[in-house]
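Each remark here refers to the structure printed beneath this line.
The values are calculated or read from the model by the stated rules, or taken from the named source; none is laboratory data. All values reported here derive from a predicted model rather than from experimental measurement. As a convention, Cβ positions derive from the backbone with ideal geometry for all residues, glycine included, and neighbour counts pool all protein chains shown.
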There are 2 protein chains.
Amino acid sequence: MQTLTRTAAIAEQALAWRAQGLRVGFVPTMGFLHRGHTSLMELARPRCDKLVVSIFVNPLQFGVNEDLDRYPRDPEGDAAKCRAAGVDVLFVPDDFYPPDHSTRVRVEGLSEGLCGTSRPVFFEGITTVVARLFGVVQPTVTVFGEKDYQQLAIIRRMVRDLALPIEVLGGPLIRDDDGLALSSRNAYLSPAQRARALSLHRALFAMAAAEERDAAALIALGRSILDVDTFDYLEIRDAVTLAPLETVDRPARALVGCWIGGTRLIDNVAIERPWT
Amino acid sequence: MQTLTRTAAIAEQALAWRAQGLRVGFVPTMGFLHRGHTSLMELARPRCDKLVVSIFVNPLQFGVNEDLDRYPRDPEGDAAKCRAAGVDVLFVPDDFYPPDHSTRVRVEGLSEGLCGTSRPVFFEGITTVVARLFGVVQPTVTVFGEKDYQQLAIIRRMVRDLALPIEVLGGPLIRDDDGLALSSRNAYLSPAQRARALSLHRALFAMAAAEERDAAALIALGRSILDVDTFDYLEIRDAVTLAPLETVDRPARALVGCWIGGTRLIDNVAIERPWT
């Protein structure tokens with residue numbers, strides 16, 4: 001595995017691969033890798049000739065009071081996990097944005113609501129960094145986790161709208177043994193906080209299992225189970241368009257975002273009903 | 001020459017060319033082609049294996065009271081000019097934006113001032129359409145005219161920031177025999193209006209020829225020559241960064257935008273001084 005830190009170096013490598021007709025797989029991350037990330041690499045690996053993983057804690061997607069400075073890091077552990085996953089190039093840029101970088105990419109509509117309400121700069125920061133990463137890496141296929149379900153929908157839309165010749169795959173959300181959705185931010189939780197964090201997936205699982213199609217009733221059920229410090233959102237949306245649903249009459253997704261102490265957590269599950 | 005109207009068809013063609021290692025040249029236009037446009041095709045032709053010209057009057061770059069509906073069109077004349085210029089594919093999309101297209105690309109800073117002041121949606125509309133056109137056409141090299149000098153600077157910045165592997169060439173502004181900068185919108189001018197429109201390049205040429213480095217004095221000279229109905233801007237900017245200049249102490253550009261009757265006209269010239 002090669003580690004590249006200069007953006008021009010990976011861009012040159014990517015164009016050389018493209019000229020050879022090689023399929024490039026790409027998994028962008030912010031590091032502190034866990035099984036959620038490596039599962040994305042496993043999805044990409046058989047679909048490409050060269051697999052690139054990036055680790056870049058993107059300042060554009062953090063608000064002023066968010067955890068940019070304390071975001072957890074583990075460069076050596078990350079490199080070992082990438083090597084084990086068969087990554088060809090680990091891209092850890094130290095010069096990613098030019099000093100006068102001034103191009104912004106945003107996806108309207110899908111970026112509003114859910115996580116976009118409490119984190120207004122968040123998704124524009126993500127689409128901006130991912131668009132530039134796609135330019136640099138020139139992937140044939142990219143994998144994003146369903147853990148960040150809204151992000152995945154936004155990336156799919158951006159790729160379609162910019163007519164990028166990139167296949168976007170969604171990787172299933174990975175849970176720890178106790179059911180907590182894997183997240184680098186779980187490292188912030190104390191044992192007592194972690195116990196309460198389990199209420200997120202319990203609320204979602206109860207909604208998924210209920211014999212109920214009324215969204216408001218399902219949300220009330222979920223809220224009765226949630227045990228969090230700051231409630232952000234709990235919603236049921238169309239699984240594809242993310243349009244709000246009053247009745248679960250098509251494939252849907254229940255999504256939750258909230259805070260336990262100073263840690264923001266999100267989770268989501270499919271809401272499947274026998275469609276008549 | 002092949003004419004394609006379906007976006008998926010040109011995208012498929014472009015990827016096939018790319019897989020064959022062919023260099024694709026691309027000149028995006030809004031049609032009603034004149035020698036300014038064909039000069040861009042002539043610049044691109046020897047630099048590529050396949051030359052694509054698009055004709056698309058992009059609604060995103062017109063304000064609500066602008067001339068989208070009356071923008072001049074000449075499909076047959078355009079096709080003949082493209083054929084004569086050796087164009088391989090003329091792309092005239094009839095399905096360019098998906099109905100729920102929602103991705104926007106903007107370049108901050110460079111899009112403000114000059115034409116961006118009176119046309120606030122203009123440059124975001126241009127960067128949005130050009131980013132999607134680049135995705136569809138996958139060009140190796142693209143040519144934009146210096147007539148739209150601010151646009152050229154913005155496209156260069158966008159390509160750099162999105163790390164697109166595309167060479168951006170600027171094509172020199174082309175003038176009619178009387179000196180008027182060629183523009184599709186010149187078709188709107190009556191003979192009397194056209195005579196007054198000549199004051200644009202006369203003002204700029206006087207500024208370029210003056211033995212003067214003070215920007216305010218040069219602008220006063222230019223304004224004394226301009227004979228227009230609505231003055232929009234006359235400025236001297238750094239030729240590369242478009243930063244405002246007080247003194248012409250580096251390569252500069254004088255740029256003018258104004259209205260004669262209902263027709264908006266722009267023009268620009270290099271301001272060269274013996275740099276000491």
Could you list, in sequence order, the residues of the range A:150-160 that are within 9 Å of chain B (Cβ to nearest Cβ) and either within 20 Å of B:R18 (Cβ to Cβ) or surrounded by fewer than 23 Cβ atoms within 10 Å (Cβ to Cβ) (or both)? A:V159, A:R160
Scope the range A:97-146; condition among the hydroxyl-bearing types (S, T, Y), crowded, with 24+ Cβ neighbours inside 10 Å and more than 14 Å from chain B (Cβ to nearest Cβ); matching residues: A:T142
Output yes when any residue across the range A:13-25 is away from chain B (no Cβ under 14 Å), under 17 Å from the mean Cα position of the chain (by Cα) and modelled with pLDDT of 95 or more, and no when none is. yes
Among residues belonging to the range B:1-36 that are surrounded by 22 or more Cβ atoms within 10 Å (Cβ to Cβ) and aliphatic (A, V, I, L, M), point out the one that is nearest to B:G171 (Cα to Cα). B:V27
Just the residues that are crowded, with 17+ Cβ neighbours inside 10 Å and among the charged types (D, E, K, R), please, taken from the range A:161-175. A:D161
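Just to be sure, is A:G36 among the small types (G, A, S) and under 25 Å from A:L265 (Cα atoms)? Walk me through it before giving the result.
Values: among the small types (G, A, S): yes; under 25 Å from A:L265 (Cα atoms): yes.
Criteria met by A:G36.
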Long-range neighbours under 9 Å by Cβ, at least six apart or interchain, first residue outside the structural domain of A:L221 (by TED's automatic domain parsing) and on the phi > 0 side of the Ramachandran plot within the range A:192-210, second of a type in the set (G, A, S) and at pLDDT 95 or above: none
